[in-house]
């Protein structure tokens with residue numbers, strides 16, 4: 001678990017480095033600081049369980065067990081990437097591993113996750129579906145519509161809110177009159193909990209409880225994880241809207257530091273933990289270098305996969 | 001045996017529900033039969049779990065159907081009026097249409113969104129629109145618009161089996177139209193137009209209820225000695241340019257007719273395509289007939305004044321003949 005946190009932290013560090021260097025197209029959104037939510041929830045899922053993440057989803061994909069090199073290659077837009085370079089940072093899909101997509105439109109993934117849960121329910125499977133979203137999504141109508149529908153149909157969907165206090169550049173105080181996202185659960189009759197999302201043991205315990213509820217068929221669950229975005233909204237965001245004091249406090253709340261303290265209090269030696277971090281670094285750097293060396297997609301294939309080949313491949317619209 | 005458009009849609013849905021356990025119907029009021037009674041009795045027959053009412057939440061139910069389609073179901077979602085599909089647009093445009101592509105072919109969305117469109121007397125500005133042009137602009141979608149009960153039967157079944165996201169647009173004015181069901185006929189291929197009436201002088205390209213209007217116009221034109229060939233597109237996306245090309249190469253004159261407003265309508269795309277690909281075949285510019293540029297009004301006199309009718313098509317066809325000298 002400690003390694004899993006570091007894998008994401010270092011992966012995002014490499015994304016930041018290469019995006020700043022102009023090697024990554026577009027504007028990737030980093031999950032730095034929110035690793036404990038990704039690891040705590042995703043490690044409690046079965047491979048057949050599915051997740052739908054948001055624009056800030058690299059950590060969820062890695063924590064679910066997708067191949068690091070293929071994930072990085074996708075973010076670089078390479079042929080060997082998860083989606084062959086068609087999706088990119090905001091649209092990672094690894095279907096065989098239950099990563100069914102990420103949406104760049106805030107709140108757009110919630111109903112998709114509910115739909116996946118409906119399919120599992122309709123087909124008598126015990127799988128659950130997870131939607132990761134930020135507190136910014138609660139301003140969208142689709143959030144409320146989906147909560148109502150999921151509760152009504154008792155769908156096995158876990159709504160995981162990563163409440164990092166910001167909707168892009170706007171603080172929660174400015175974008176919502178409701179302090180806690182979990183407050184929205186009660187009117188719809190949805191089980192909920194607000195937890196410290198930067199404390200990995202807490203996230204794991206809460207995720208286990210929520211997932212057990214879902215597998216019992218008790219309907220959806222809303223898990224609000226209070227967390228902190230250590231980086232800006234996207235790579236290159238200068239974060240003028242955040243105070244120095246706030247940014248300093250964020251570093252104190254780092255989920256990796258906290259797990260390290262937690263483990264050391266239980267007798268784990270600092271050297272052991274440092275060695276885990278070092279191994280993660282070697283793994284990440286190797287994956288990144290291999291992804292960078294991977295071929296770029298063939299421009300001649302640009303129209304492939306708009307429709308199923310070959311029946312409709314020749315469609316010009 | 002004659003059946004109405006509604007009865008024939010119901011029969012197609014009934015047969016597909018029986019044929020494939022992955023098929024599920026959902027939408028506002030569908031378990032109760034839907035606003036127009038298309039799904040009446042299907043919940044009793046196939047179970048409440050497979051024919052489900054939803055809240056009035058177009059955004060969520062479109063996403064729900066899309067997510068379920070990603071995971072093994074073949075949902076048929078009813079959006080009661082195409083005007084309400086405005087609320088489904090984020091999902092349809094940003095998710096549903098793009099899933100196959102964005103995932104590099106890992107995932108597909110075998111989803112049919114049934115909706116109804118068009119003006120039919122007093123439904124006014126928010127329940128009468130013809131918004132198909134918005135959807136043909138989106139790579140990844142299929143757009144089907146049947147013109148008769150018999151066509152609707154085959155096209156709906158083909159759409160459900162296609163494995164792609166299909167917007168299936170029914171015209172409310174056709175719901176009471178009766179037609180035959182011919183047993184044992186092969187299901188139509190999605191993306192193929194048909195010749196609704198053969199002719200030699202002018203090609204009239206239409207879809208949905210406008211095919212009926214075009215057939216009326218063709219009869220009037222025949223009485224005046226002008227032979228019009230009517231193409232029923234059946235699918236707007238993809239567009240069957242092969243059928244259009246064969247016809248226009250024969251008649252050398254083309255008229256595109258639809259109930260939607262002309263500005264940015266499907267006819268603009270079709271006319272541009274004919275102009276670019278068949279310029280040498282044309283004896284006259286491609287003409288278009290469509291709705292005036294205003295919201296659909298409530299009062300019947302005003303609605304009639306705005307909507308294109310067979311007289312408008314006849315006038316345009318005559319103009320084409322005169323222009324051709």
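The values are calculated or read from the model by the stated rules, or taken from the named source; none is laboratory data. Treat the numbers as computed from the prediction; the structure is a model and nothing was measured. Glycine gets a Cβ as well: all are built from the backbone with ideal geometry, and neighbour counts include every protein chain shown.
Can you pull out the residues in the stretch A:81-104 that are within 21 Å of residue A:29 (Cα to Cα) and more than 10 Å from chain B (Cβ to nearest Cβ)?
Once the filter is applied, which keeps residues that are within 21 Å of residue A:29 (Cα to Cα) and more than 10 Å from chain B (Cβ to nearest Cβ), the stretch A:81-104 yields only A:89.
Just one of A:56, A:86, A:47 is surrounded by fewer than 21 Cβ atoms within 10 Å (Cβ to Cβ), in contact (Cβ under 8 Å) with a residue 24 or more places away in the chain and assigned to a loop (DSSP other than H, G, I, E, B); which is it?
A:47
Within the bounds of the stretch B:253-271, is there any residue that is exposed (fewer than 15 other Cβ atoms within 10 Å of the Cβ), outside the structural domain of residue B:152 (by TED's automatic domain parsing), modelled with pLDDT of 95 or more and assigned to a helix (DSSP H, G or I)?
Within the stretch B:253-271 (the criterion being exposed (fewer than 15 other Cβ atoms within 10 Å of the Cβ), outside the structural domain of residue B:152 (by TED's automatic domain parsing), modelled with pLDDT of 95 or more and assigned to a helix (DSSP H, G or I)), the answer is no, since none of the residues qualifies.
Quick test for you: out of B:314, B:248, pick the one residue that is farther than 26 Å from residue B:152 by Cβ, crowded, with 21+ Cβ neighbours inside 10 Å and out of contact with any strand residue (DSSP E or B) (no Cβ under 6 Å at 6 or more places or on another chain).
Answer to the selection: B:314.
Here is a check on your reading of the model: is residue B:64 buried (at least 24 other Cβ atoms within 10 Å of the Cβ) and free of Cβ contacts under 8 Å to residues at least 60 places away in the same chain?
yes
Among A:266, A:286, A:261, A:290, which is the only one that is surrounded by fewer than 18 Cβ atoms within 10 Å (Cβ to Cβ) and in contact with a helix residue (DSSP H, G or I) (Cβ under 6 Å, 6 or more places away or on another chain)?
Among A:266, A:286, A:261, A:290, only A:290 is surrounded by fewer than 18 Cβ atoms within 10 Å (Cβ to Cβ) and in contact with a helix residue (DSSP H, G or I) (Cβ under 6 Å, 6 or more places away or on another chain).
Checking residue B:310 against (1) without any contact (Cβ under 8 Å) to a residue 40 or more places away in the chain; (2) under 21 Å from the mean Cα position of the chain (by Cα); (3) closer than 21 Å to residue B:217 by Cα: exactly one of these is not met. Which one?
(1)
Please identify the pairs in which a residue from the stretch B:229-257 that is over 18 Å from residue B:320 (Cβ atoms) has its Cβ atom under 6 Å from the Cβ atom of a residue that is in a helix (DSSP H, G or I), counting only partners at least 6 apart or on another chain.
If the second residue must be in a helix (DSSP H, G or I), the pairs left are B:232/B:211; B:236/B:132; B:236/B:136; B:236/B:266; B:237/B:136.
From the list B:138, B:112, exactly one residue is surrounded by fewer than 22 Cβ atoms within 10 Å (Cβ to Cβ), under 27 Å from residue A:115 (Cα atoms) and more than 9 Å from every other protein chain (Cβ to nearest Cβ). Which is it?
Testing whether each residue is surrounded by fewer than 22 Cβ atoms within 10 Å (Cβ to Cβ), under 27 Å from residue A:115 (Cα atoms) and more than 9 Å from every other protein chain (Cβ to nearest Cβ) leaves just B:138.
Quick one: is residue A:26 closer than 22 Å to residue A:280 by Cα, assigned to a loop (DSSP other than H, G, I, E, B) and modelled with pLDDT under 95?
no
With the structure loaded, tell me whether residue B:307 is within 28 Å of residue B:149 (Cβ to Cβ), modelled with pLDDT of 95 or more and away from chain A (no Cβ under 14 Å) or whether it fails that test.
So residue B:307 passes the test.
Does the stretch B:86-103 contain any residue that is over 29 Å from residue A:74 (Cβ atoms) and more than 14 Å from chain A (Cβ to nearest Cβ)?
no
Just need a number here: residues in the stretch A:134-152 that are in a loop (DSSP other than H, G, I, E, B) and either within 8 Å of chain B (Cβ to nearest Cβ) or buried (at least 24 other Cβ atoms within 10 Å of the Cβ) (or both).
Summing the residues that are in a loop (DSSP other than H, G, I, E, B) and either within 8 Å of chain B (Cβ to nearest Cβ) or buried (at least 24 other Cβ atoms within 10 Å of the Cβ) (or both) in the stretch A:134-152 gives 0.
Would you call residue B:205 away from chain A (no Cβ under 14 Å), on the phi < 0 side of the Ramachandran plot and in contact with a strand residue (DSSP E or B) (Cβ under 9 Å, 6 or more places away or on another chain)?
The answer is yes for residue B:205.
Against the definition (part of a helix (DSSP H, G or I) and either surrounded by 15 or more Cβ atoms within 10 Å (Cβ to Cβ) or not assigned by TED's automatic domain parsing to the domain that holds residue B:119 (or both)), how does residue B:283 come out, yes or no?
Answer is no for this residue.
Which of the following residues is assigned to a helix (DSSP H, G or I) and more than 8 Å from chain B (Cβ to nearest Cβ): A:63, A:107?
Only one candidate passes the filter, namely A:63.
Please indicate, with yes or no, whether at least one residue in the stretch A:16-37 is out of contact with any helix residue (DSSP H, G or I) (no Cβ under 8 Å at 6 or more places or on another chain), touching a residue at least 40 places away in the same chain (Cβ under 8 Å) and buried (at least 24 other Cβ atoms within 10 Å of the Cβ).
Within the stretch A:16-37 (the criterion being out of contact with any helix residue (DSSP H, G or I) (no Cβ under 8 Å at 6 or more places or on another chain), touching a residue at least 40 places away in the same chain (Cβ under 8 Å) and buried (at least 24 other Cβ atoms within 10 Å of the Cβ)), the answer is yes, since at least one residue qualifies.
Of the residues in the stretch B:67-78, how many are more than 7 Å from every other protein chain (Cβ to nearest Cβ) and crowded, with 24+ Cβ neighbours inside 10 Å?
5
Would you call residue B:187 buried (at least 20 other Cβ atoms within 10 Å of the Cβ) and touching a helix residue (DSSP H, G or I) at 6+ places or on another chain (Cβ under 8 Å)?
Taking the combined requirement at face value, the residue does not satisfy it.
Across the stretch A:110-133, what is the total count of residues that are surrounded by fewer than 24 Cβ atoms within 10 Å (Cβ to Cβ), touching a strand residue (DSSP E or B) at 6+ places or on another chain (Cβ under 8 Å) and more than 8 Å from chain B (Cβ to nearest Cβ)?
Count: 1.
All but one of (1) over 23 Å from residue A:40 (Cβ atoms); (2) in contact (Cβ under 8 Å) with a residue 60 or more places away in the chain; (3) part of a loop (DSSP other than H, G, I, E, B) hold for residue A:127, so report the exception by its number.
If we test residue A:127 against (1) over 23 Å from residue A:40 (Cβ atoms); (2) in contact (Cβ under 8 Å) with a residue 60 or more places away in the chain; (3) part of a loop (DSSP other than H, G, I, E, B), just (1) comes out false.
Return the residue satisfying two criteria in turn: it lies in the stretch B:141-174 and is more than 11 Å from the chain's Cα centre (by Cα) and in a loop (DSSP other than H, G, I, E, B), and of such residues it is surrounded by the fewest Cβ atoms within 10 Å (Cβ to Cβ).
Looking at residues that are more than 11 Å from the chain's Cα centre (by Cα) and in a loop (DSSP other than H, G, I, E, B), I get B:163.
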